[in-house]
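Right, one structure below, let's go through it.
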Amino acid sequence: MIIVKSREEIELMRESALIVSKTLGMIASEIKEGVTTLYLDKLAEEFIRDHGAVPSFLGLYGFPNSLCMSPNAQVVHGIPNNTPLESGDVISVDCGAFKNGYHGDHAYSFEIGEVAPETKKLLQVTKESLYVGIREFKAGNRVEDVGNAIQKYTESHGYGVVRELVGHGLGQKMHEDPEMPNYGKRGRGKLFVEGMVVAIEPMINLGTRNIKQHKDGWTITTADNKPSAHFEHDVALIDGRPEILSTFAYVYKALGIVSNEEDEFRKIPLVL
């Protein structure tokens, strides 16, 4: 069942989403060669709590940490550890924050040092596909319209679209209806309705779309051990159009990146 949010609830969700955005921005300033993911995880937990929220992922379904940190061939759900990051790594950092009864949840894939050109392109195309999908989250469309757009865009570059892992509705629970796959056929799936809030999150592999789950019960890697990329935004349907509640602007500020990619999805300009 889709749980529609009021404008007031959406604003509370925006606050939670922006705490996640600020956390990812803080991580962007700290993530570098020689740093461990466990160190970054501890920083994130402290940062989230200092902003009056609690980490959504910590203890969720038994997950042991505040961040899912998934380097290289890991797709998602990587558990932070004491292995230092190396130049050439790419890593998905997925973060959630719970405040005022609502979750924020989004992700960014970072480059560490000098990354192989083909991997850089994978990250670029995956992030572009996120916005391609968001454009289809509008009145009159259905769930698989988003997935179809992401699938077509990424497969046109020869990449593998993960099937077993999907985006989702978001609200008082981390995972609500509807599931938001990154593949599909146009015109299929649940109809989008005003007040929906979803997490759209393409998970795209450089090689095969096939994945494998590890014995820890969490870590997911590509079946061919080639890199994977993951980007995620929280998006509300307002006046029939998608409005992004999260932002990569804090990440971009930390990394010195200039971008207007989110402008079309905001009624009011974001003030950092």
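The values are calculated or read from the model by the stated rules, or taken from the named source; none is laboratory data. If you're wondering where the values come from, they're calculated on a predicted model, not measured in any experiment. Because the Cβ atoms are built from the backbone with ideal geometry, glycine has one as well, and the counts that use them run over all protein chains shown. These area figures cover heavy atoms from the full protein model, side chains too; ligands, DNA and RNA do not enter into them. Shrake-Rupley method; radii C 1.70, N 1.55, O 1.52, S 1.80 Å.
Descriptive notes on the structure:
- Spin-label model distance (nm) - E164 vs V35, 7 Å beyond Cα toward Cβ: 3.0 nm
- Sorted from greatest to least, the principal axis extents spanned by the alpha carbons of the range 87-132 come out as 42, 27, 8 Å.
- Over all pairs of different C-alpha atoms, the range 105-225 has a mean inverse distance whose reciprocal, the Kirkwood radius, equals 15.1 Å.
- For volume of the Cα convex hull per residue in Å³, the candidate list reads (1) 127; (2) 163; (3) 116; the entry that matches the value derived from this model is (3).
- Magnitude of the charge dipole, the chain, Cβ model with Lys/Arg +1 and Asp/Glu -1, debye to 20: 580 debye
- For the chain, the longest site-free run once trypsin sites (Lys or Arg not before Pro) in DSSP loop states with at most 16 other Cβ atoms within 10 Å are removed: 33-134
- Alpha-carbon centroid distance for the pair the range 192-267 / the range 167-181, whole angstrom: 13 Å
- Over 25 Å (Cα to Cα) - which of K120/K152; K99/K212; K152/K226; K22/K190; K120/K185; K173/K226 fall in this group: K99/K212; K22/K190; K120/K185; K173/K226
- Accessible area of the range 181-237 belonging to carbon and sulfur atoms, whole % at 1.4 Å probe: 50 percent
- Relative contact order for the chain, counting Cα pairs under 8 Å that sit 6 or more residues apart, in percent: 23 percent
- Within the chain, helices built from complete DSSP H runs that reach 30 Å or longer along their own axis (Cα positions) and carry a mean Kyte-Doolittle hydropathy of 0.0 or higher are 7-30.
- Euclidean distance of C-alpha centroids, the range 9-35 and the range 122-145, integer Å: 21 Å
- Radius 11 Å from Cβ of P202, net charge of other residues (Lys, Arg +1; Asp, Glu -1): -2
- Environment charge at K185 (Cβ cut-off 12 Å; Lys +1, Arg +1, Asp -1, Glu -1): +2
- In this structure the range 46-135 gives 38 Å² per residue of accessible area when probed at 1.4 Å with all protein chains present.
- Between amide H atoms placed 1.01 Å from N, distances below 5 Å from I211 occur with A223, all of them 5 or more places distant or on a separate chain.
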